[in-house]
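A short write-up of the structure that comes next.
Coordinate-derived values only; no laboratory data. Keep in mind that what you see is a predicted model, and the values were worked out from it rather than measured. Note that each Cβ is placed from the backbone with ideal geometry, even for glycine, and that neighbours are counted across all protein chains shown.
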Amino acid sequence: MAKQTKARPTAIPHGLSREQLLEMYRFVRLTRTLEEKLETLFRQSKVVGGLFRSLGQEGESVASAYALRRRTDGTGDMLSPLIRNLGSMLVMGARPGEVLRQYMAKGDSPARGKELNIHFTDYRRGFIGQISPLGDMIPVMAGVTLTFKQRGEDRVGMVYIGDGATSTGAFHEGINFAAVQRCPLVVIVENNQWAYTTPTRLQTAARSFVDKAPGYGVAGEQVDGNDVLAVYGAARRAVERARAGEGVTLIEVMTYRRRGHAQHDNQSYVDPAEIDRWAATNDPLDRYAATLTQKGWASAAELAEIDAELDRELDALVEDAEAAPMPEPEEALLDVYGDGPVSAPWTRHTPPDPTKA
């Protein structure tokens, strides 16, 4: 009987290791599962404010951020996410437990109930909370990365923007400034086909967003946003260009928003068949899992174990978050104008002294 030989795994692209491939899978799965837990909490009225799902976009968030240099001492690369980039923040070091507490406005959440969802910042881990007026983080990150250049720091910035927000003045001013100054900045344009209820074709006449890159004098690349490895490759090339002093790169990731703008949006303006088509053939998690197993880089059992482990971990974190206390009313008076030392409010003095108000 002829001896059967096991097929050798396909060579892994982009200089990645098998461990890194599995780590990226874990981040994509973590993003999906964490948001599913948050959706359950939202339906139970335990989430304060809105909930913004990134369903169908988790892969590009994780893969793009994975190309950055991650550190915890404030010397690594810097990222500014949008509402559908929870995966990017998790890659940079945001912890699922603090995300749960943040959405639930708990007293021990990063913003201690003053801000919600992913509106929080940690300079040491390398992420800056977003500004709600869309487009405004482009000039902010242009300024941040200009400081990297002026100080001679080997650091890169990455900022995300939706297709609709590319029509704002802040986007144009910010990317133009960054281009002229040759800032080490990567701009990710998430073309998910919708700007709230407006389809892309009704808010720009451009054939594609990557076509705008030459107008600013920057490098441009378009990539399949639901192909995790393709996005990582594009992001890595852009980060390497920025680190080498070659300035800004605009990356257009082609993807699809499979939920409404937020949980309160029922997507009545979208053909359900269109959503079903994307879910059936272009889910980033399904595609990445299939790639890992078909190329011989991971087994289905390994991926299933990661899934089960994350379920157990997140169930425990949800219980902890639900048991966490809400902020004290006096907390509203602290850290409003800065994160430096702040005196305790007069209401906490013993006895209370209203002359200190």
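Observations on the structure shown:
- In a DSSP loop and with at most 15 other Cβ atoms within 10 Å, the GluC sites (Glu not before Pro) in the stretch 146-249 are Glu153, Glu246.
- Degrees between helix 284-294 axis and first principal axis of the chain (Cα, 0 to 90, nearest 10): 40
- Cβ crowding within 10 Å ranks Ser208, Ser80, Ser268 as Ser268, Ser208, Ser80, fewest other Cβ atoms first.
- Amide H within-cut-off set for Thr121, under 5 Å, with H built and near neighbours excluded: Gly129
- Calculated over the stretch 18-326: convex hull of Cα atoms, volume per residue (Å³): 126
- Only Cα pairs under 8 Å and 6+ residues apart enter the sum, and on that basis the relative contact order of the chain stands at 20 percent.
- Whole-Hz couplings from phi, Karplus 6.51/-1.76/1.60, listed for the stretch 183-199; x for Gly and Pro: 6, x, 10, 10, 9, 9, 9, 8, 8, 9, 6, 9, 10, 6, 9, 9, x
- Taking other Cβ atoms within 10 Å as a rough exposure proxy, Met24, Met158 sort from fewest to most as Met24, Met158.
- Legend: calculated FRET efficiency, Ser132 to Ala323, from the Cβ-Cβ distance at R0 = 35 Å, rounded to 0.05, equals 0.70.
- Taking the fewest neighbouring Cβ atoms within 10 Å as the starting point, the ordered list for Thr31, Thr10 is Thr10, Thr31.
- Per residue, the chain reaches -12500 deg cm²/dmol at 222 nm when only DSSP H runs of four or more residues are counted, each adding -39500 (n - 2.57).
- Under-28-angstrom lysine pairs by C-alpha in the chain, whenever the two are 8 or more apart or on separate chains: 11
- For Gln222, distant residues with modelled amide H under 5 Å away: Glu252
- The 3J(HN,Hα) values that the Karplus relation (6.51, -1.76, 1.60; θ = phi - 60°) gives for the stretch 295-309 are, in residue order, 7, x, 8, 7, 9, 4, 5, 4, 5, 5, 5, 4, 4, 5, 4 Hz. Gly and Pro appear as x.
- Distant-in-sequence amide contacts of Gly162, defined by a placed amide H-H separation under 5 Å and a gap of 5 or more residues or a different chain, comprise Glu190.
- Within the listed set Arg18, Arg277, Arg125, the residue fluctuating most in the Gaussian network model of the chain (springs between alpha-carbon atoms under 10 angstrom) is Arg277.
- Computed FRET value (nearest 0.05) for Glu305 with Arg18, which takes r as the C-beta separation and R₀ as 25 Å: 0.95
- For the stretch 200-215, 3J(HN,Hα) per residue [Karplus equation, 6.51 cos²θ - 1.76 cosθ + 1.60, θ = phi - 60°, Hz, x = Gly/Pro]: 3, 5, 9, 10, 7, 9, 5, 5, 7, 6, 5, 5, 7, 4, x, x
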